[in-house]
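The values are calculated or read from the model by the stated rules, or taken from the named source; none is laboratory data. Since this is a predicted model, take the numbers as computed values, not measurements. Please note: Cβ atoms are built from the backbone with ideal geometry, for glycine as well, and neighbour counts cover all protein chains shown.
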Amino acid sequence: MNKKITCIECPVGCSLSVDIENCKVVNVSGHKCPKGLIYAQNEVENPLRILTTTVMTENLELKTIPVRTDKPIPKTDLFKAMEEVKKIRIKKDVRTGDVIVANFLGLGVDLIATRNS
Amino acid sequence: MIKRDLVIVGAGPAGIAAAISAHESGVKDILLIERDQYLGGLLNQCIHTGFGIDYFKEVLTGPEYADRFIKKLKSIPGIEVSLRTFVVHLTKDKGLTCLMPGRMEVIKAKALIMATGCREKTREMIHVAGTRPAGIFPAGLAQKLINIEGLLPGEEVVIVGSGDIGLIMARRFTLEGAKVKAVIEIQKKTRGLIRNVVQCVEDFDIPFYFSHKISKIYGRDRVEKVDVVTVDENFREVPGSKFEIKCDTVLVSVGLIPENELIEMAGVAIDKKTNSPISKEVNMTSIPGLFVCGNSFKVYDYVDSVSRDSELAGRLAAEYLRGAR
């Protein structure tokens, strides 16, 4: 089976042609850099996205702190992750890069702050 | 009156990059003015990734990209930062009248860099018929409400225009639990990046209507629904194509306008169509020693390019102060 997908690793947005056999990627063409190869494989076999959102604070000057997962997580876990994020409150000052939740949802990724409070 | 060698107005990505670069080029007396209470400008609300791929060879969020520059800025003692300072008047000889908490000051700059960014086009500029209820937001304002204020401004959303901020907000509203019912673009293809169409719209199965427009907004106090029509080659309504979408929120993402009223006041020649300074070279204006950089010079697609061009503005100002320009 052949599938056409658009690489989202950078603003170039290469159109990739992916040959798939038994749910596995066997060939990729159309990518202008190596990131496209890895993206195509993940996108077909297990689509991944970095989650970026905000966490509410308590008693801090900023009402919210922006956060992200330090590595991409399965696309299918995005909404579950959002439910979890809504339960968190940041009560102490944080710096950019500080871990807010380690091993977030047991996915092996950390939820990190992306702004100083 | 206070005299300064170099004044920079706006401490977003453009102003900060210009300040650092001017200092590195030998300017020792620099005042960086910002009307908000934080450095970083628009980047603070752009919490998504995609920044820095060119400049830092890394994928960063907006606040992380800003943080790199803010750290560097703060490490330079020669650059004075004045937050919550609003420039209300500018003269041809670079005299700035500034409002700041509890006082007003007039500052005379030998060289001036304006890095005042953009504002968003509004519903009024796309001529949509109907009422004027609550619930109609420029996409970037909705972005600020969600990402900075922690508020969700609507539950059932229709997005007009497919600029990148609109596409990013389609995903943001969806993740926050709102239902994005449609993205409506009058052109045949998206105005935003293709990667944003994929990761913000297609990822969440949001209907994307090309060659369509909103013809009317309904609602007395709050938006209740919109009429959507197909348009022909000349953007005119195709008869009989009308359908309605119930919604409580309309986001408008139809572009940005450089914010250049101050330099216009000072007598800089402005292109009335784009609201940017008329200039043959990047960052230059019709007044010697008055430079404009970042989105107030022209609307950029990538902040990485803003940083690079604004660094040039810093060098140009340094050359001007040395008498080389």
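Residues in region A:42-75 that are of a type outside the set (Lys, Arg), more than 19 Å from B:Thr49 (Cβ to Cβ) and within 11 Å of chain B (Cβ to nearest Cβ): A:Met56, A:Thr57, A:Glu61, A:Leu62. The single condition from (1) more than 11 Å from every other protein chain (Cβ to nearest Cβ); (2) of a type in the set (Gly, Ala, Ser); (3) touching a strand residue (DSSP E or B) at 6+ places or on another chain (Cβ under 9 Å) that A:Gly106 fails is (3). Of B:Leu167, B:Leu175, B:Leu152, which residue is within 14 Å of chain A (Cβ to nearest Cβ) and either in contact (Cβ under 8 Å) with a residue 40 or more places away in the chain or of a type in the set (Asp, Glu) (or both)? The match here is B:Leu167. Residues that are assigned to a loop (DSSP other than H, G, I, E, B) and either at pLDDT 95 or above or among the charged types (D, E, K, R) (or both) were ranked within region B:263-274; the one that is surrounded by the fewest Cβ atoms within 10 Å (Cβ to Cβ) is B:Lys273.
Which residue out of B:Arg171, B:Arg191 is modelled with pLDDT of 95 or more and within 19 Å of A:Thr6 (Cα to Cα)?
Working: B:Arg191 fails: modelled with pLDDT of 95 or more.
Sole residue among the options that is modelled with pLDDT of 95 or more and within 19 Å of A:Thr6 (Cα to Cα): B:Arg171.
Among the residues making up region A:7-30, those that are exposed (fewer than 15 other Cβ atoms within 10 Å of the Cβ) and either within 14 Å of chain B (Cβ to nearest Cβ) or not in a strand (DSSP E or B) (or both) are A:Ser15, A:Asn22, A:Cys23.
Kindly list the number of the only condition in (1) within 14 Å of chain A (Cβ to nearest Cβ); (2) within 21 Å of B:Pro138 (Cβ to Cβ) that fails for B:Lys273. Exception for B:Lys273: condition (1).
For region B:116-149, the set of residues classified as within 14 Å of chain A (Cβ to nearest Cβ) and surrounded by fewer than 19 Cβ atoms within 10 Å (Cβ to Cβ) consists of B:Lys144, B:Leu145, B:Ile148, B:Glu149, listed by residue number. Among the residues of region B:155-164, those that are buried (at least 23 other Cβ atoms within 10 Å of the Cβ) and either within 12 Å of chain A (Cβ to nearest Cβ) or under 20 Å from B:Leu256 (Cβ atoms) (or both) comprise B:Ile159, B:Val160, B:Gly161, B:Ser162, B:Gly163. Selection of first residues in region B:288-313 that are over 15 Å from B:Ser276 (Cβ atoms) and of second residues that are of a type in the set (D, E, K, R), restricted to Cβ pairs under 6 Å at least 6 apart or on distinct chains, gives the following pairs, ordered by first then second residue: B:Asp304/B:Asp54. Looking across region B:47-65, just one residue is more than 9 Å from chain A (Cβ to nearest Cβ) and under 14 Å from B:Ile168 (Cα atoms), and that is B:Phe51. Across region A:11-41, the number of residues qualifying as on the phi < 0 side of the Ramachandran plot and touching a helix residue (DSSP H, G or I) at 6+ places or on another chain (Cβ under 7 Å) comes to 9.
Would you say A:Leu62 is buried (at least 17 other Cβ atoms within 10 Å of the Cβ) and touching a Gly at 6+ places or on another chain (Cβ under 7 Å)? Taking the combined requirement at face value, the residue does not satisfy it. The set of residues in region B:275-292 that are among the hydroxyl-bearing types (Ser, Thr, Tyr) and assigned to a strand (DSSP E or B) contains only B:Ser276.
Looking only at residues in region B:181-204 that are outside any loop (DSSP other than H, G, I, E, B) and away from every other protein chain (no Cβ under 14 Å), which one is farthest from B:Ile53 (Cα to Cα)? Give the steps one after another, and end with the answer.
Of the residues in region B:181-204, the ones outside any loop (DSSP other than H, G, I, E, B) are B:181-185, B:194-204.
When the remaining residues are screened for being away from every other protein chain (no Cβ under 14 Å), the result is B:181-185.
On the way: B:Lys181: 32, B:Ala182: 30, B:Val183: 27, B:Ile184: 29, B:Glu185: 28 Å.
In this case the residue turns out to be B:Lys181.
Given A:Glu9, A:Glu83, A:Glu61, which one is out of contact with any strand residue (DSSP E or B) (no Cβ under 7 Å at 6 or more places or on another chain) and modelled with pLDDT under 90? Checking each option against the conditions leaves just A:Glu9. Of everything listed in (1) within 28 Å of B:Ser307 (Cβ to Cβ); (2) exposed (fewer than 13 other Cβ atoms within 10 Å of the Cβ); (3) at pLDDT below 95, the single unmet condition for B:Lys74 is (3).
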